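J.: Have a look at this one.
The values are calculated or read from the model by the stated rules, or taken from the named source; none is laboratory data. Just so it is clear, the model here is predicted, and its values are computed rather than measured. Cβ placement follows ideal geometry from the backbone for every residue including glycine, while neighbour counts extend to all protein chains displayed.
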Amino acid sequence: MSTRHVVKIQIEFVKIDSIHPNPKNPRIHSKAQIEQIAKSIKRFGWNIAIAVDKDGMILAGNGRYEAAKLLDLTEVPIVRLNHLSKAQAKAYIIADNKLTENSQWDEKLLGEIFLELSKSDLDFELSDTGFEVAEIDILIQDLENPNGLFDPLDIPSSSLTGPPVSKLNDLWQLSNHRVLCRNALDPESYKLLMNGATGQIVFVDPPFDIAIGGNVSSNKSTHHREFLMGSGELGSEKFTQFLSKLFELLVQNRSGPIPLNSFPQFISGFSTLLKLPLMLVAGF
């Protein structure tokens, strides 16, 4: 086989402050993703070197670079792509990110791998792979439910076509009532909704941070969709922060009790709620 397109490269370890990110890197890494990469490095080791140009500017591996800083690493493995021209280097930055997006998962095989791993004695979490717990549960659930039977109420009516009636930030005035479509963790939402008033009572049913799959079902053939947030992906610390922020905002905007429709023994952050200055009426 011809090797004329194969350039011999060598991995070397350098001080992390000897390389730097591309200020015009078009790929954006969220804080959550950086934390995921850092967790992966801790669990599985550093297995892919950062690619840099002759000046030490990162061409591929910005996420690993940020994760290394998060882990307080002083040295990182790199490969120098000195054979690339400036134009080729710019194109490679795009290709390195885009080409991986052009592949697809075989969800059946992926689910089988996760199912096999879930039955093994692991020294890491399945979420260390980058998949959320809810996603993994759905993949495994689909293996056990190949016919795809879902709760009919979860399937939108075929008559519901066209643009959505209510969109994010819409505020509806229904006689003496106001309905706001907005994030309940944002203080501005309460200012818009309450308009200076306080609620006499607050009814709330927060998520448990437990996956719907395998825990919630009216019968063996009925499966409900996962919540978009609080379905097992947060973990104890982040879920406690989630509940604290939510109920602190509710307390600030109410003058009466807050009936809580939940099962406290299932909520990792419930003890935090008991420390807040509010009247809780827990439902079981």
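J.: Of (1) in a loop (DSSP other than H, G, I, E, B); (2) farther than 29 Å from ASP123 by Cα; (3) free of Cβ contacts under 8 Å to residues at least 24 places away in the same chain, ASP17 satisfies all except one. Which?
T.: (1)
J.: Here is a list of conditions, (1) loosely packed, with under 12 Cβ neighbours inside 10 Å; (2) modelled with pLDDT under 65; (3) not β-branched (Val, Ile, Thr), and LEU260 meets all of them except one; can you say which number that is?
T.: Exception for LEU260: condition (1).
J.: Between a residue in the range 32-43 that is touching a residue at least 40 places away in the same chain (Cβ under 8 Å) and any residue that is among the charged types (D, E, K, R) and part of a helix (DSSP H, G or I), which pairs come within a Cβ distance under 9 Å, given they are 6 or more apart or on different chains?
T.: That search, which allows pairs on different chains as well, returns GLN36/ASP128; LYS39/ASP128; SER40/ASP128; ARG43/ASP128.
J.: Among the numbered criteria (1) over 20 Å from MET229 (Cα atoms); (2) modelled with pLDDT of 80 or more; (3) in a loop (DSSP other than H, G, I, E, B), which one does THR161 miss?
T.: (2)
J.: How about the range 52-78: which of its residues are under 17 Å from ILE37 (Cα atoms) and among the small types (Gly, Ala, Ser)?
T.: Within the range 52-78, ALA60, GLY61, GLY63, ALA67, ALA68 qualify.
J.: If you check LEU149 against the conditions, is it surrounded by fewer than 11 Cβ atoms within 10 Å (Cβ to Cβ), assigned to a loop (DSSP other than H, G, I, E, B), at pLDDT below 85 and among the hydrophobic types (A, V, I, L, M, F, W, C)?
T.: It is false that LEU149 is surrounded by fewer than 11 Cβ atoms within 10 Å (Cβ to Cβ), assigned to a loop (DSSP other than H, G, I, E, B), at pLDDT below 85 and among the hydrophobic types (A, V, I, L, M, F, W, C).
J.: While we're here: Within the set of pairs 6 or more residues apart or between chains, which connect a residue that is exposed (fewer than 10 other Cβ atoms within 10 Å of the Cβ) and of a type in the set (S, T, N, Q) inside the range 153-180 to a residue that is modelled with pLDDT under 80 and assigned to a loop (DSSP other than H, G, I, E, B) with Cβ atoms less than 7 Å apart?
T.: So the pair list comes out empty.
J.: Show the residue pairs meeting these rules: Cβ distance below 7 Å; 6+ apart or different chains; first residue within the range 63-79 and among the small types (Gly, Ala, Ser); second residue in a strand (DSSP E or B).
T.: Here the result reads ALA68/VAL76, each pair linking the range 63-79 to a residue that is in a strand (DSSP E or B).
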